[in-house]
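Below is one structure, written out as C-alpha cells; comments come after it.
The values are calculated or read from the model by the stated rules, or taken from the named source; none is laboratory data. The structure presented is a predicted model; accordingly, all values stated were derived computationally and were not measured. Every residue, glycine as well, gets a Cβ built from its backbone with ideal geometry; the counts of neighbours run over all protein chains shown. The accessibility values were calculated without ligands, DNA or RNA, using every heavy atom of the protein model including side chains. Shrake-Rupley method; radii C 1.70, N 1.55, O 1.52, S 1.80 Å.
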Amino acid sequence: MQDSFRIDADGLRFYGQPQASERATPMIYRGADLLPARPAQSDLTTPLVLSWDQDATQPVPTSLTLLVRGHTWRASSLDGGLDWFDPTDVARISVPLQRWRS
C-alpha cells in the first residue's frame, strides 16, 4: 500500500533517512483503530491515516499535493505469483495544511 501514495514536500524522511518526495512512502494506519495497515483487500473500503516524517529544520508547507496510485492484481511475469503490480496515477489532490501541535 505504501507505493500508492506520494506527496510533494521537501525534507521527507523514512525511518530517519532522507527521501526524495517522489520516493518517500508514508506510514499507513487503519482509521478505525490506528493499528498499522497491512496489504489491502480488493473492493474493501478501509479508512486510512497516512503519515510522513519531515525534517524539523524544513518549513512546513502551506499546501501539498497528494498523488494516489492504483495497482492491478495480477500474476507476476517472473514467477507467476499474484500481487499488486503496474502502479498508475489515478488522482491528484491538493490540500491546504497547517502545523499540528500536540
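Is it the case that region 40-47 has a residue that's open to solvent by 70 Å² or more (accessible area, probe 1.4 Å), over 19 Å from Trp84 (Cβ atoms) and not in a strand (DSSP E or B)?
Applying the first criterion (open to solvent by 70 Å² or more (accessible area, probe 1.4 Å)) to region 40-47 yields 41-45, 47.
From what's left, over 19 Å from Trp84 (Cβ atoms): 47.
Among the residues that remain, those that are also not in a strand (DSSP E or B) are: 47.
So far as region 40-47 goes, yes, one or more of its residues are open to solvent by 70 Å² or more (accessible area, probe 1.4 Å), over 19 Å from Trp84 (Cβ atoms) and not in a strand (DSSP E or B).
Is it true that Thr25 is open to solvent by 30 Å² or more (accessible area, probe 1.4 Å) and either of a type outside the set (Asp, Glu) or in contact (Cβ under 8 Å) with a residue 40 or more places away in the chain (or both)?
On the way: open to solvent by 30 Å² or more (accessible area, probe 1.4 Å): no; either of a type outside the set (Asp, Glu) or in contact (Cβ under 8 Å) with a residue 40 or more places away in the chain (or both): yes.
Considered against the rule, which asks whether it is open to solvent by 30 Å² or more (accessible area, probe 1.4 Å) and either of a type outside the set (Asp, Glu) or in contact (Cβ under 8 Å) with a residue 40 or more places away in the chain (or both), Thr25 comes out as no.
Looking at region 1-30, which of the residues that are assigned to a strand (DSSP E or B) and within 18 Å of Val90 (Cα to Cα) is nearest to the chain's Cα centre (by Cα)?
Just the residues of region 1-30 that are assigned to a strand (DSSP E or B), to begin with: 5-7, 12-14, 17-18, 27-30.
Pick out the ones that are also within 18 Å of Val90 (Cα to Cα) and you get 5-7.
On the way: Phe5: 3, Arg6: 5, Ile7: 8 Å.
Per the stated criteria, the residue is Phe5.
What about Pro61, is it part of a loop (DSSP other than H, G, I, E, B) and surrounded by 10 or more Cβ atoms within 10 Å (Cβ to Cβ)? Walk me through how you get there before you give the answer.
On the way: part of a loop (DSSP other than H, G, I, E, B): yes; surrounded by 10 or more Cβ atoms within 10 Å (Cβ to Cβ): yes.
For Pro61, the condition - part of a loop (DSSP other than H, G, I, E, B) and surrounded by 10 or more Cβ atoms within 10 Å (Cβ to Cβ) - is met.
Out of all the residues in region 26-50, which are modelled with pLDDT under 90 and not small (Gly, Ala, Ser)?
Correct list: Arg38, Pro39, Gln41, Asp43, Leu44, Thr45, Thr46.
Quick check on Gly80: is it modelled with pLDDT under 90, open to solvent by less than 100 Å² (accessible area, probe 1.4 Å) and on the phi > 0 side of the Ramachandran plot?
Details: modelled with pLDDT under 90: no; open to solvent by less than 100 Å² (accessible area, probe 1.4 Å): yes; on the phi > 0 side of the Ramachandran plot: yes.
It is false that Gly80 is modelled with pLDDT under 90, open to solvent by less than 100 Å² (accessible area, probe 1.4 Å) and on the phi > 0 side of the Ramachandran plot.
Does Thr88 fit the bill of being among the hydroxyl-bearing types (Ser, Thr, Tyr), under 21 Å from Phe14 (Cα atoms) and either modelled with pLDDT of 90 or more or open to solvent by less than 80 Å² (accessible area, probe 1.4 Å) (or both)? Let's see the steps before the verdict.
On the way: among the hydroxyl-bearing types (Ser, Thr, Tyr): yes; under 21 Å from Phe14 (Cα atoms): no; either modelled with pLDDT of 90 or more or open to solvent by less than 80 Å² (accessible area, probe 1.4 Å) (or both): yes.
Here the answer is no, as Thr88 does not meet what is asked.
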